[in-house]
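The values are calculated or read from the model by the stated rules, or taken from the named source; none is laboratory data. Values in this document were obtained by computation on a predicted structure and should not be read as measured data. Backbone-built Cβ (ideal geometry, glycine too); neighbour counts: all protein chains shown.
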Amino acid sequence: MKTAEIKQRWLDYFEANGHVVVPSASVISSDPSILFNIAGMVQFIPYLTGREPAPFLRATSVQKCVRTADIEEVGKTTRHGTFFQMNGNFSFGDYFKREAIRYAWGLLTAPTAEGGLGFDPDLLWATVHEDDLETIDLWLEETSVPRERIQLRGNEDNFWHTGQPGPGGYCSEIYFDRGPAYGAEGGPIADEDRYIEIWNLVFMEFELSEVRTKVDFDIAGELPAKNIDTGMGLERVAFLLQGVENMYEIDEVFPVIAEASRLSGREYGSDHHSDVQMRVVADHVRSALMIIGDGVRPGNEGRGYILRRLIRRAVRAMRLLGVTTEVMPSLLPVSMNAMKHSYPELETDFDRISRIAYAEETAFLRTLESGTQLFESAYEKLGSADKTISGDVAFALHDTHGFPIDLTLEMAAEHGVNVDEAGFRTLMAEQRTRAKADAKAKKGGAHADLSAYSALLEGGASEFVGYDDLEADSRIR
Ligand code: ATP
Ligand code: MG
Ligand code: MG
Ligand code: MG
């Protein structure tokens with residue numbers, strides 16, 4: 001079943017069950033505390049918190065999401081993309097747990113000939129919060145899941161809150177068992193690679209008076225109006241239904257892997273390391289396409305920096321596959337063609353989108369060439385006991401070749417060595433002090449244009465230590 005068809009079946013099913021179909025919001029979050037929409041519920045936050053009255057009691061959507069916090073998982077696990085689509089159904093003070101479970105089960109297990117998704121009910125598992133005993137009974141009453149396939153979890157996995165006082169509640173999640181070939185018995189609490197999480201049902205029922213950490217908070221009482229927020233991973237369901245191994249091999253993503261394979265002459269499936277790189281390429285190219293499509297341009301901070309980093313990582317992954325020429329002009333149109341059925345605006349806007357992406361690659365290739373040579377020669381000079389690239393080298397890479405530190409760190413990790421980051425930061429701080437003094441002396445005189453990337457580490461951006469700080473916002477869900 002094609003991804004677009006799963007999406008349509010979802011919307012039809014919830015519409016038939018009284019939900020208003022709401023289009024996806026942009027990937028750019030309207031909530032200023034997060035950069036990108038990381039879940040379907042984000043556009044409904046005002047209704048879910050009761051800040052605004054909801055214009056409908058029930059809604060459904062397929063939301064474009066970006067979770068850069070998952071970037072390190074991409075290509076290595078089967079199920080994490082930086083871009084993905086989250087199917088959601090929402091109740092604003094209308095139905096609650098029982099119906100949420102009934103709807104989810106109904107859609108997942110109804111035969112495909114009847115508009116369902118056709119999952120084998122015997123392969124589905126559920127998790128429930130250990131204090132939410134009511135929900136165990138609901139699973140037993142509403143579905144054919146036996147008690148042995150319902151597992152209990154604590155706050156870490158099965159409690160949702162925003163990180164602030166306000167609404168919160170238990171979650172119940174649905175997993176699909178891929179079978180013994182993918183890992184040991186024991187259900188989702190034992191192995192999340194074999195048992196794939198497909199759907200999270202969030203029951204917003206409490207008012208939290210204080211939230212200290214993800215797992216430590218005070219429940220003040222029940223909410224006057226209880227809400228349902230669910231999220232099903234469209235790509236995860238697609239890969240399971242399409243009989244492929246992971247979400248990068250679905251119809252909307254795989255064509256880019258095939259193109260990366262053609263360009264590099266490497267056969268997909270013949271070498272694990274190359275396969276991971278090809279999956280990274282396919283994921284990142286698609287994410288870049290969708291993010292530019294929604295109006296972000298590469299830049300040195302915030303969303304623009306994340307976009308820049310995605311493009312750079314895709315280009316670097318292609319180099320690791322042996323392709324040193326420009327790759328975006330081959331890969332991006334393939335991704336657009338795979339996605340345009342669901343998002344026709346990608347095709348009509350492709351001229352603009354592609355110009356932005358190609359220019360970014362060109363700028364990056366200039367800096368990469370020279371910096372890689374310096375890095376390699378520094379690496380070769382390391383003694384066998386010496387496993388650290390010096391702060392001086394990292395600084396030279398930045399200062400002369402425009403290498404951001406994260407790129408140096410990534411290359412070092414690939415070579416199995418460390419980087420003296422503290423030394424690098426000291427040199428950076430000294431340079432900033434010098435630059436300030438110079439600027440004062442010159443009063444606005446021109447200064448050397450190092451490269452498109454040197455600016456990355458100016459000012460606050462030098463504090464950039466990875467992605468987690470940019471999207472510590474997984475707190476939303
Ligand atoms: P996981 O534990 O696998 O990281 P999650 O618990 O972080 O997933 P939720 O926040 O519950 O995910 O999001 C709801 C659903 O969205 C998940 O059940 C999953 O199907 C899907 N999903 C979450 N993150 C991703 C991702 N990075 N790529 C693709 N699908 C995702
Ligand atoms: Mg996650
Ligand atoms: Mg999870
Ligand atoms: Mg989850």
message: Of the residues Phe206, Phe176, only one is of a type in the set (A, V, I, L, M, F, W, C) and either surrounded by fewer than 15 Cβ atoms within 10 Å (Cβ to Cβ) or within 22 Å of Arg102 (Cβ to Cβ) (or both); which?
response: Phe176
query: Which fully enclosed strands (runs of 3 or more DSSP E) of the range 114-177 have 1 or more residues being in contact with a Cys (Cβ under 8 Å, 6 or more places away or on another chain) and without any contact (Cβ under 8 Å) to a residue 60 or more places away in the chain?
result: 124-129, 159-161
- prompt: What are the residues in the range 21-55 that are closer than 14 Å to Asp229 by Cα, hydrophobic (A, V, I, L, M, F, W, C) and not in a loop (DSSP other than H, G, I, E, B), if any?
  reply: Met41, Val42, Phe44, Ile45, Leu48
- request: Could you tell me which numbered condition Val42 fails, if it satisfies all but one of (1) within 14 Å of ligand 1 (Cβ to nearest atom); (2) over 13 Å from the mean Cα position of the chain (by Cα); (3) modelled with pLDDT of 95 or more?
  value: (3)
- prompt: Taking the range 256-267, which residues are crowded, with 17+ Cβ neighbours inside 10 Å and touching a residue at least 24 places away in the same chain (Cβ under 8 Å)?
  reply: Val256, Ile257, Glu259, Ala260, Leu263, Ser264, Arg266
- request: Within the range 151-168, count every residue that is small (Gly, Ala, Ser) and closer than 25 Å to Tyr195 by Cβ.
  value: 1
Single condition Ala181 does not satisfy, out of (1) of a type in the set (A, V, I, L, M); (2) farther than 19 Å from Gly40 by Cβ; (3) under 26 Å from the mean Cα position of the chain (by Cα): (3)
task: Please name all residue pairs, on different chains or six or more residues apart, with Cβ atoms under 7 Å, provided the first residue is in the range 197-215 and is more than 16 Å from Glu130 (Cβ to Cβ) and more than 13 Å from ligand 4 (Cβ to nearest atom) and the second residue is outside any strand (DSSP E or B) and of a type outside the set (D, E, K, R).
output: Met204/Leu48; Leu208/Pro165; Ser209/Pro165; Glu210/Pro165; Val211/Gly163; Val211/Gln164; Val211/Pro165
statement: Considering the range 53-83, residues that are farther than 15 Å from Gly18 by Cα and β-branched (Val, Ile, Thr), and then whichever is farthest from ligand 3 (Cβ to nearest atom), we arrive at Val62
message: With the structure loaded, tell me whether Met86 is in a helix (DSSP H, G or I) and either within 16 Å of ligand 2 (Cβ to nearest atom) or under 24 Å from Gly168 (Cα atoms) (or both) or whether it fails that test.
response: no
- request: Could you pull out the residue among Glu142, Glu114 that is surrounded by 15 or more Cβ atoms within 10 Å (Cβ to Cβ) and at pLDDT 95 or above?
  value: Glu142
task: Would you check which residues across the range 374-410 are at pLDDT below 90 and either in a helix (DSSP H, G or I) or closer than 24 Å to Ile306 by Cβ (or both) and list them?
output: His398, Asp399, Thr400, His401, Gly402, Phe403, Pro404, Ile405, Asp406, Leu407, Glu410
field: Evaluation of Val62 against (1) assigned to a loop (DSSP other than H, G, I, E, B); (2) in contact with a Pro (Cβ under 9 Å, 6 or more places away or on another chain) (one fails), failing number
entry: (1)
